[in-house]
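Note sheet for the following structure.
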Amino acid sequence: MSTVASSAPADVGTVPLASRQDGRYPRPQAVRRDWVDLGGPWSFRHDDEDTGTDSGWAAGLPSPRTITVPFPPESEASGIAEPGFHPVVWYARAIGRDELAAAGRGAERPRLLLHFGAVDHRAQVWIDGRFVGEHEGGHTPFTFDVTTLLTGGSDTDEHLLVVRAEDDPHDATLPRGKQDWHEEAHAIWYRRTTGIWQTVWLEAVPTTAVDSLRWTPAGPAATALTVRFRGRVPAGARLRVALRFDERDEDLGTTDWDATACHPTLDVTVPIARQRNGQAEDELTWSPETPRLVDAVLTLVDADGRVLDVVASYLGVRSVGVGGGRFLLNRQPYPVRSVLDQAFWPESHLAAPHPLAHRQEVELIKALGFNAARMHQKIEDPRFLYWADRLGLLVWGEAPAAYEFSPTAVQRLTTEWIAAVERDASHPSIVTWVPFNESWGIQHVVSDPAQQAYARALVDLTRALDPSRPVISNDGWEQQDTDIVTIHDYEGDGAVLARTYADDAARTRALEGLAPSGHPQFVGGAVDHGQPVMLTEFGGVRYQAAGRRQEGWGYTAATDDEDWVVRIAALHDAVRTSTFLAGSCWTQLTDTMQETNGLLNADRSPKVPIEQIRRAVTGS
């Protein structure tokens, strides 16, 4: 495959700078100028008897209520607020001429794409009573080309979009994460999120277009790029990639390739010439302290130089790995100070209450003194990852668990996990993958060779999909082929915790014996071979500020403001004094329903002045 350098700039006038977007665009690393958010009031009905399909609801909902999309019907923000068991729900919404125009429909962009950020768990879609398609997987996006269905009739016509969502609350094979299967939330599980919970949006694209792209680190002086195309790429077409570092208004070079050589997928290595010699490479690298992003504009042109499509993207120049018992960022040891984030809001559940909430979440985490977040049992909205990229926050990418081991559960989690890794692999903020947590869904992995094989296989599959990041095999205990050994320990006494993780002798005791939970640390013949060790759940100290209703639970409890802050500091001090721990993750960021062990209240207000929490977390 030939690579040709070009001095001609890409046509950047048609797309915004991807690294400086406002955080509303649902697909932040492949940005086009025109799109329309289909959120807001929709018609809605529960279908508890599952009769809607046979009754013709695909053509319109009888006696509907009104729901606010994309908030789940269990939540207050939706306007429905019915958290009981409702396994089937229906939505309907008109799409009019103005929305088609706002999506950018025209002669140069005649194809109309209907995007869904996430619908939990199985979705079926109709337009004007005609079946469009279906998707299974409650945390990952899907798209339908609806051109022929939305361009018939006159320009004044409205088209009816109908969605049926099915999410059986009792099906333990569904990847559900922290969504409760009891009618009332209990223990560490929370209210369910059924149906649409991320953005539904419409976008017009050219007949030949960039369908998806992926950035992969390829050393300090280059990045690998995979581009998939939609539609037939004409002979002689070329893909031009222009890189720019906006912070210094620095042109990092433009390169182009024959786009027809590998149709429909093009794999290339994009050079970053100014990084070639290495003396100043740290001026461009990404980290939480220096979250530098490189803008990229991808321009697809035909043989005559006419622009076929333009997409704005961004990337971070950084590497992650493990070595010498440490987590490595940009080839240097980097102590990870993380917090567990359930990303659950009291008014909107798994859906953020507004797009700006994603930025506010990242800003709060950093203000509290953390440099990382473990997104717990949730594949988070890409707009959160955008702010983590832009503001500088390491992110643990974790799969939502199923709670049964069976062929169906294996198929469902594997399919959804593949889609999640593919969706998020370009984000520099994501630095490790976690396919399992605390043996959820593989409860008998200690003794069952089939469950051991499944866990090993999903870890290796993750490495095959993305060899650029470490993989944690089963966070907390009962681990096999893991790149980082992780321990969950809710000891409430800082002095005891300090002794448990003091030195190399303590490391040996911790990894050769049982985990604090009573589970073995390794299974299936796996042994310690010098991996980094992290305390990936600790703390969990319950406290509710004065004036708050005193209820809920934590792993230990504080009696007042001072006692609570002292406990946080003592436990973090214990981690800091360890000679071998490579990182930690505090439980947890916010109170979440009945769990009152957050650093913040459920509404994200701090329980004590945020500076006090930061000093306790950082030790300074």
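Between the stretch 196-243 and the stretch 495-542, the alpha-carbon centres lie 43 Å apart.
Summarise the long-distance tail of P(r) for the chain by giving the % of C-alpha pairs beyond 47 Å. Tail of the P(r) past 47 Å holds 15 percent of the pairs. Using the rule -39500 (n - 2.57) for each DSSP H run of four or more residues, divided by the residues of the chain, the 222 nm mean residue ellipticity is -5500 deg cm²/dmol.
When you filter the trypsin sites (Lys or Arg not before Pro) in the stretch 188-295 for DSSP loop state and at most 13 other Cβ atoms inside 10 Å of their Cβ, you are left with R232, R276. Of V446, A574, T66, which is farthest towards the positive pole of the chain's charge dipole, taken about the Cα centre with +1 and -1 on the beta-carbons of Lys, Arg and Asp, Glu respectively? It is A574, whose Cα lies furthest towards the positive end. Note on K607: lysines with a C-alpha under 17 Å away, same-chain residues under 8 apart excluded, are K366. Counting only the Cα atoms, the stretch 482-620 fills a convex hull of 115 Å³ per residue. Model label points for W181 and D503, set 7 angstrom from Cα along the Cα-to-Cβ axis, are 4.7 nm apart. In this structure the amide hydrogen of L394, modeled in the peptide plane, comes within under 5 Å of the amide hydrogens of A372, A373, none closer than 5 places in sequence on its chain.
If you plug the beta carbon distance of V527 and D145 into 1/(1 + (r/R0)^6) with R0 = 51 Å, you get a FRET efficiency near 0.50.
In this calculation the C-beta distance from A457 to D249 is compared with R0 = 51 Å, giving a FRET efficiency of 0.60. Farthest toward the positive end of the dipole of the chain, out of G539, S348, Q179, is the Cα of G539, where the dipole comes from beta carbon charges about the Cα centre.
Distance from the C-alpha centroid of the stretch 318-345 to that of the stretch 31-85: 39 Å, rounded to the whole angstrom. Would you mind counting up the charge near Q443? Only other residues with Cβ under 13 Å from its Cβ, with Lys and Arg at +1 and Asp and Glu at -1. Net of charged neighbours comes to -4.
Across the accessible surface of the stretch 157-305, with the other protein chains kept in place and a 1.4 Å probe, carbon and sulfur atoms take up 46 percent. Near F327, once Lys and Arg are set to +1 and Asp and Glu to -1 for all other residues with Cβ below 12 Å from its Cβ, the sum equals +3. The convex hull drawn around the Cα atoms of the stretch 354-414, when projected onto a plane and averaged over every direction, covers 4.9 nm².
Looking at the stretch 81-181, none of the GluC sites (Glu not before Pro) sits in a DSSP loop with at most 10 other Cβ atoms within 10 Å of its own Cβ. Give the distance, in whole Å, between the Cα centre of the stretch 262-301 and the Cα centre of the stretch 102-153. Answer, in whole Å: 32.
Take every DSSP beta bridge whose two residues both sit in the chain, then give the antiparallel share in percent to the nearest 5. Counting DSSP beta bridges with both partners in the chain, the antiparallel share is about 75 percent. Along the stretch 491-498 the Karplus relation, 6.51 cos²θ - 1.76 cosθ + 1.60 evaluated at θ = phi - 60°, assigns HN-Hα couplings of 4, x, 9, x, 5, 5, 4, 4 Hz to successive residues, with x for each Gly and Pro.
Model label sites at T618 and R228, defined 7 Å from Cα along the beta-carbon direction, differ in position by 4.2 nm. Note that the stretch 451-465 has calculated 3J(HN,Hα) couplings of 5, 4, 5, 4, 4, 5, 5, 6, 5, 5, 4, 4, 5, 5, 6 Hz, one per residue in order, obtained from phi through the Karplus relation 6.51 cos²θ - 1.76 cosθ + 1.60 (θ = phi - 60°); glycine and proline are x.
Within the stretch 513-620, DSSP assigns beta bridges of which about 25% are antiparallel (rounded to the nearest 5). Entry note, the chain: relative contact order of 13 percent, from Cα contacts under 8 Å with a spacing of 6+ residues.
Would you mind calculating the gained length between E76 and L391 on full extension (0.36 nm times residue separation, minus the Cα-Cα distance), in nm to one decimal?
On the way: separation 315, 0.36 × 315 = 113.40 nm, distance 3.01 nm.
Once the chain is fully extended between E76 and L391, it gains 110.4 nm.
Hey, got a sec? Which GluC sites (Glu not before Pro) in the stretch 513-620 land in a DSSP loop and have at most 16 other Cβ atoms within 10 Å?
Details: sites: E537, E551, E562, E595, E611; in loops: E551.
Here the sparse-neighbourhood loop sites are E551.
Applying 1/(1 + (r/R0)^6) with r as the Cβ-Cβ distance of W553 and A464 and R0 = 35 angstrom yields a FRET efficiency of 0.30.
Consider all pairwise Cα distances in the stretch 538-620 and report the whole-number % of them above 20 Å.
Taking all Cα-Cα pairs of the stretch 538-620, the fraction more than 20 Å apart is 27 percent.
Projected label points at T577 and T415, each 7 Å from Cα along the beta carbon direction, are separated by 5.2 nanometres. For D54 and T290, the difference between the fully extended length at 0.36 nm per residue and the C-alpha to C-alpha distance is 79.3 nm. Around the Cα centre of the chain, unit charges on the Cβ atoms of Lys, Arg, Asp and Glu (plus for the first two, minus for the last two) sum to a dipole of about 1460 debye. Accessible area per residue for the stretch 494-620 is 42 Å², calculated with a 1.4 Å probe on protein heavy atoms, without ligands, DNA or RNA.
Multiplying the residue separation of E363 and D561 by 0.36 nm and removing their Cα-Cα distance gives an extension gain of 69.0 nm.
Just name one of V15, V421, A502: the one whose Cα is farthest towards the positive end of the charge dipole of the chain (beta-carbon charges, Lys/Arg +1, Asp/Glu -1). With unit charges placed on the Cβ atoms, the residue in question is V15. Within the stretch 171-209, whose backbone N sits under 18 Å from a point 7 Å along Cα→Cβ of Q594? Under 18 Å, as judged by backbone N against the label point of Q594, lie 177-193 of the stretch 171-209.
If you take all other residues with their beta carbon under 12 Å from the beta carbon of E281, and give Lys and Arg +1 and Asp and Glu -1, the sum is +3.
The values are calculated or read from the model by the stated rules, or taken from the named source; none is laboratory data. Note that this is a predicted model, so its numbers are computed, not measured. In this analysis, Cβ positions are derived from the backbone assuming ideal geometry, glycine residues included, and neighbour counts consider all displayed protein chains. The accessibility values were calculated without ligands, DNA or RNA, using every heavy atom of the protein model including side chains. Shrake-Rupley method; radii C 1.70, N 1.55, O 1.52, S 1.80 Å.
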